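Data block below; observations after.
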Amino acid sequence: QVQLVESGGGLVQAGGSLRLSCAASGSIFSISAMGWYRQAPGKQRELVAIITRGGSTDYADSVKGRFAISRDNAKNTIDLQMNSLKPEDTAGYYCTGALNLARIRDSPRYWGQGTQVTVST
């Protein structure tokens, strides 16, 4: 089993920045890909960013150029730096882990409890 714990959410004004962190523990060897999903009330869940153990990344079009995902394999953590935040970025953000890229895109096995990001106008 893998446990994922997020931190760093909060309230920020539009145009501001936030940094989310996720610490993984347990059977770390079972997760090669990690990522961040978000979900706003009444909206579908959206895959925001993913990163492999080797450092390859991918982003949703809606956040490209504004968000950056990073990973520290030695510390078993991933971060999501969010810049130029917009009100439409308001959502619960969830750290996820999966065996590989296909799984992280489709149905991650491991989920954190989520952290709320609220962007005000």
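The figures follow:
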| read-out | value |
| --- | --- |
| Residues of the stretch 46-77 satisfying the condition of being under 12 Å from Asp89 (Cα atoms) and charged (D, E, K, R) | Glu46, Arg66 |
| Single residue of the stretch 77-99 satisfying the filter (within 25 Å of Ser32 (Cα to Cα) and open to solvent by 60 Å² or more (accessible area, probe 1.4 Å)) that is modelled with the lowest pLDDT | Leu99 |
| Where a residue in the stretch 44-59 is without any contact (Cβ under 8 Å) to a residue 60 or more places away in the chain and its partner, wherever it lies, is open to solvent by 70 Å² or more (accessible area, probe 1.4 Å) and part of a strand (DSSP E or B), with Cβ under 8 Å and at least six apart | Arg45/Gln39; Glu46/Gln39 |
| Any chance Thr57 is under 16 Å from Glu6 (Cα atoms) and of a type in the set (S, T, N, Q) | no |
| Elements of type strands (runs of 3 or more DSSP E) in the stretch 1-52, at least 3 residues being open to solvent by less than 10 Å² (accessible area, probe 1.4 Å) and modelled with pLDDT of 95 or more | 33-39, 46-52 |
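The values are calculated or read from the model by the stated rules, or taken from the named source; none is laboratory data. This is a predicted model, so every value here is computed, not measured. All Cβ positions, glycine included, derive from the backbone under ideal geometry; neighbour counts span all protein chains shown. Quick note on the areas: whole protein, heavy atoms, side chains included, nothing else; ligands and nucleic acids left out. Shrake-Rupley method; radii C 1.70, N 1.55, O 1.52, S 1.80 Å.
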